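The structure under discussion appears below in the form of C-alpha cells.
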Amino acid sequence: MANEDLSRLKIDKSAALRPARRGRKAFWAAAGVLVVLLVFLAAKGIFTPAVVVEIATISQVYPSQTFTMLNASGYVVAQRKAAVAAKTTGRLEWLGVEEGNRVKEGEVIARLENMDAAASRDQAKAQLNNAVSAVEQAKAELNDATLAYNRQKELVAQGVVAQADVDVAFARFKKANAAVAGAEAAVIAARAALKGAEVALDYSFIRAPFDAVVLTKNADVGDIVTPIGAAANAKAAVVTIADMGSLLVEADVSEANLEKTRVGQPCEIQLDAFPDSRFRGAVHMIVPTADRSKATVLIKVRFLEKDSRILPEMSAKVAFLQRAVKPEERNPRIAVNPAALISHDGKKGVYLIKGDHAAEIPVTTGAQIGDMIEIVSGVKAGDKVALKPLDKLKNGARIKTAEK
C-alpha cells in the first residue's frame, strides 16, 4: 500500500511537454507565414524605393500635323449679316420668329401697328375710284359735245343756224376735251397716291432681306420700334439674322508668316466647340491691308463642306497645309513620344501608369507621325505612360511622378 501511495506522488513529465511542443509548432508556423508574406511584399516592390519618373500622355493626332506650314486662331464670322429694322416708327404688334428660326427672303417676320396706314390706303383707293368715275363722266360729256359740234357744222353749211351757234358748240367741245385730259391726270395722281399709301402700309411689315437664320431677338411685342433708335426705350433692330451659307473663319496671321499663305491654299479647321472634329477648308481671301497695332493680316478661310453645327462667333484654329489632306489621312491616330517605348525580345511595349505602379504593356506600333510614333494597339488616347528613366523600371515597379 505504501508503494502505491508513493507512485501517486510522482510528476508526469510527458503531460507538461505536450503544451510546450504545441507552442513551438505555432511559432514556426507563424514564422513561415511571415517569411512568405515578406517574400511576397518584396516581390511586389514594397521594400523597394519608388522610382521618380517623367510621364507622357498617349495622344490623338492627325496626319495633317506632319505637313502643316502655319497655325493661326480666329473666329467664325458670317459675311452676310443684318440687323433687321423697320423703316418707320411704330409699336411692334406681332413678331413671328425667335432665335434659331430659318427665314426666307421677303418673308414677313414682324408687323407694326398700321391702322392709320391702312386707313390712308383705303382713302387713296376711294379717291382713285372717284377719279376713274370722273374720267368716264368727262368722256361722256366730250362725246355729247362732239356730236353737237358736228351737227352745228352741218347746219351752218345749210344756212339753218348762225356761225355764233357753231362757235358755242366748238367751245363746248374744247372744254369737254380738256375736262377728259384733266380727269385722266387726276386718275394718274390718285394711282400715285394709292401707291404711296400702299408703300407706307408695307413699311409696317418687316421682311427678311435674304435667306437666313435668326441669331438674336432684340425687341418684343409692345416695344416702340424706330429706324434710328434715338428715343428713350425705343428699339432700332427687331432681330439680327445671318446667312449661314456665308460663314468663313477670319484668322489673324503675322506679317512675317504671310508668305506661307496663298489664295486657294488647303486648310484644316478645328473648332473649340468640337475638338475631336476637323473640317476641310481653303483660303478664300487675303485681306489687302495690315493691322499696324498687331502686325497681322486678316485671312478669310471658307469651309469646303457645310455643317449645321458651325455657328457664328465660334472660336477656331486654322492649320495652313502644304497640300490637301488625302481621304485616308482624315481620321485621327493614336501616337506617343518614341522615347516612351521599350523593346524586349524584339517586341515593343510601354510602362503604363496605374496608380503608384508601372505595368509593362505590349503595343503594336505604326508609322511615324511627325516627332511621334503611331500606336496601333495596346493603349488608348489619354493613357499615361512612363517616359524616363525606363532603365530603372520593371513590371509592377513602384513609381511616383516628378510633380509629387
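Would you point out the residue of region 263-288, among those that are in a strand (DSSP E or B) and of a type outside the set (A, V, I, L, M, F, W, C), that is nearest to Ser315 (Cα to Cα)? Give the derivation first.
Step one: of region 263-288, the residues in a strand (DSSP E or B) are 266-271, 279-288.
Keeping just the survivors that are of a type outside the set (A, V, I, L, M, F, W, C) gives 266, 268, 270, 280-281, 284, 288.
Numbers: Pro266: 19, Glu268: 14, Gln270: 9, Arg280: 16, Gly281: 15, His284: 18, Pro288: 23 Å.
Across region 263-288, the extreme among qualifying residues is Gln270.
Could you tell me which residue of region 196-218 is surrounded by the fewest Cβ atoms within 10 Å (Cβ to Cβ), considering only residues that are touching a residue at least 12 places away in the same chain (Cβ under 8 Å) and part of a helix (DSSP H, G or I)?
The extreme case among them is Gly196.
Checking the condition farther than 21 Å from Ala316 by Cβ and either part of a strand (DSSP E or B) or touching a strand residue (DSSP E or B) at 6+ places or on another chain (Cβ under 6 Å) (or both), which residue from Val239, Val253 passes? Quick ask: steps written out before the conclusion?
Working: Val253 fails: farther than 21 Å from Ala316 by Cβ.
Being farther than 21 Å from Ala316 by Cβ and either part of a strand (DSSP E or B) or touching a strand residue (DSSP E or B) at 6+ places or on another chain (Cβ under 6 Å) (or both) holds for just one of Val239, Val253, which is Val239.
Tell me yes or no: at least one residue of region 383-403 is loosely packed, with under 11 Cβ neighbours inside 10 Å, without any contact (Cβ under 8 Å) to a residue 60 or more places away in the chain and closer than 30 Å to Glu54 by Cβ. So that I can check it myself, show each step before the final result.
Residues of region 383-403 loosely packed, with under 11 Cβ neighbours inside 10 Å: 391, 402-403.
Filter once more, keeping what is without any contact (Cβ under 8 Å) to a residue 60 or more places away in the chain: 391, 403.
Of the ones still in play, those that are also closer than 30 Å to Glu54 by Cβ are 391, 403.
Checked region 383-403: at least one residue is loosely packed, with under 11 Cβ neighbours inside 10 Å, without any contact (Cβ under 8 Å) to a residue 60 or more places away in the chain and closer than 30 Å to Glu54 by Cβ.
Please go through region 308-329 and pick out each residue that is over 13 Å from Phe279 (Cβ atoms) and basic (Lys, Arg).
If the condition is that a residue be over 13 Å from Phe279 (Cβ atoms) and basic (Lys, Arg), then Arg323, Lys326 are the ones that fit.
Taking the criterion of being outside the structural domain of Glu305 (by TED's automatic domain parsing), of a type in the set (A, V, I, L, M, F, W, C), modelled with pLDDT under 95 and surrounded by fewer than 15 Cβ atoms within 10 Å (Cβ to Cβ), would at least one residue in region 219-226 satisfy it?
Going residue by residue through region 219-226, those that are outside the structural domain of Glu305 (by TED's automatic domain parsing) are 219-226.
Now drop any that are not of a type in the set (A, V, I, L, M, F, W, C), which leaves 219, 221, 224-225.
If we keep only those that are modelled with pLDDT under 95 as well, we get 219, 221, 224-225.
This time we only want the ones that are surrounded by fewer than 15 Cβ atoms within 10 Å (Cβ to Cβ), so: 221.
Yes: one or more hits.
Could you pull out the residue among Ala140, Ala179, Ala185 that is part of a helix (DSSP H, G or I), in contact (Cβ under 8 Å) with a residue 24 or more places away in the chain, more than 30 Å from Lys81 (Cβ to Cβ) and not charged (D, E, K, R)?
Details: Ala140 fails: in contact (Cβ under 8 Å) with a residue 24 or more places away in the chain; Ala185 fails: in contact (Cβ under 8 Å) with a residue 24 or more places away in the chain.
After ruling out the rest, the residue left standing is Ala179.
Taking the criterion of being in contact (Cβ under 8 Å) with a residue 24 or more places away in the chain, in a helix (DSSP H, G or I) and hydroxyl-bearing (Ser, Thr, Tyr), would at least one residue in region 143-150 satisfy it?
yes
For the condition among the basic types (Lys, Arg) and under 29 Å from Glu98 (Cα atoms), what is the one hit in Lys294, Lys306, Lys300, Lys260?
Values: Lys294 fails: under 29 Å from Glu98 (Cα atoms); Lys300 fails: under 29 Å from Glu98 (Cα atoms); Lys260 fails: under 29 Å from Glu98 (Cα atoms).
One residue alone meets the criteria, Lys306.
The values are calculated or read from the model by the stated rules, or taken from the named source; none is laboratory data. As the structure is a computational prediction, the values presented were derived from the model and not from experiment. With ideal geometry, Cβ positions are generated from the backbone for all residues, glycine too; neighbour counts draw on all protein chains shown.
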